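All remarks here apply to the structure that follows.
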Amino acid sequence: MEQCTKKIILIEGKQTNHPSFFLSLKKKGYNVAITSTGNTALEKIKEEIPLLVLIDAASLRTAGNRIVYSIKKRYPTLPVIVVVDEFKSIKKSDADQVMVLPFTIQKLLNRINLYIPADQVSLVSEGNVALDVKNNRIFVNDRPSSVTPRVAKLLYLLMDHPGKTLERKDLFMELWDTDYTEDMRSLDVHIRWLRQVVEENPKKPKIIQTVRGVGYRFAVNGNHVTLSDSCLDNEIVESIIMEK
């Protein structure tokens with residue numbers, strides 16, 4: 001069964017202190033099928049696989065765990081986002097995302113955007129890392145993360161030259177569109193942010209590698225000998241924070 005990438009199943013009740021997400025999602029072009037129970041939602045999923053299921057657990061006066069479990073049991077790869085009250089304690093959930101009220105509709109849309117299939121034309125991939133250039137999303141083993149445009153561009157530059165060392169100066173000039181290279185600590189901070197997304201252990205990077213005194217390189221399988229600058233990065237970040 002094909003997935004409908006513009007369809008969202010919204011499970012919500014009537015006991016709510018916040019506006020329904022229905023109209024806001026419709027205005028953004030989503031086909032929203034609304035229901036009040038998990039069983040009805042499962043029937044709708046059976047008819048057509050949606051982009052995701054949004055459970056407004058706050059309006060149901062529940063944590064939504066049972067509904068999430070029943071959906072994940074039958075459709076384990078179908079994304080599920082749960083919205084809970086700020087006073088509701090959620091210790092564990094099988095949902096892909098748990099959002100605590102209050103939040104803006106834009107924040108919800110940002111979470112939804114994570115699950116929109118990437119346009120193959122704008123997708124750059126190397127090994128288990130893929131970059132959706134158009135939407136500034138990074139996929140590691142198919143798990144999406146949203147990043148800033150500058151972090152996305154940094155990864156693109158590195159992925160465009162796999163295994164090749166790119167000098168810090170050249171990366172900085174390209175990313176910040178400047179000839180001033182006296183202070184390039186911001187680049188090191190962005191490298192650290194990038195590693196937090198793509199590395200299994202950011203303190204021992206295998207993909208975004210450092211070539212001491214030269215720059216950085218993208219190594220898909222971690223084949224290249226690396227001299228980690230994790231300590232250097234920590235010092236740089238701390239000094240920038242101190243300056244602020």
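The values are calculated or read from the model by the stated rules, or taken from the named source; none is laboratory data. A quick note: this is a predicted structure, and the numbers were derived from the prediction, not measured. Cβ coordinates were reconstructed from backbone atoms using ideal geometry, including for glycine residues, and neighbour counts include every protein chain displayed.
Points to keep in mind about this one:
- Of all positions in the stretch 68-86, at least one carries a residue that is at pLDDT below 95, surrounded by fewer than 14 Cβ atoms within 10 Å (Cβ to Cβ) and either assigned to a strand (DSSP E or B) or in contact with a Leu (Cβ under 6 Å, 6 or more places away or on another chain) (or both).
- Lone qualifier among 137, 150, 192 - being of a type in the set (D, E, K, R) and under 23 Å from residue 97 (Cβ atoms): 137
- Considering (1) out of contact with any helix residue (DSSP H, G or I) (no Cβ under 8 Å at 6 or more places or on another chain); (2) in the same structural domain as residue 217 (by TED's automatic domain parsing); (3) charged (D, E, K, R), the lone condition that residue 86 does not fulfil carries the number (2).
Per-residue answers, yes or no, for (1) at pLDDT 95 or above; (2) outside any loop (DSSP other than H, G, I, E, B):
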{"residue": "151", "(1), (2)": "yes, yes"}
{"residue": "171", "(1), (2)": "yes, yes"}
{"residue": "179", "(1), (2)": "no, no"}
{"residue": "194", "(1), (2)": "yes, yes"}
{"residue": "209", "(1), (2)": "yes, yes"}
{"residue": "217", "(1), (2)": "yes, yes"}
{"residue": "226", "(1), (2)": "no, no"}
{"residue": "235", "(1), (2)": "no, yes"}
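- Condition met for residue 54 (within 22 Å of residue 137 (Cβ to Cβ) and crowded, with 20+ Cβ neighbours inside 10 Å): yes
- Qualifying residue in the stretch 115-122 (condition: aromatic (Phe, Trp, Tyr) and buried (at least 16 other Cβ atoms within 10 Å of the Cβ)): yes
- Any hit, the stretch 175-189, residues being crowded, with 19+ Cβ neighbours inside 10 Å and over 29 Å from residue 78 (Cα atoms): yes
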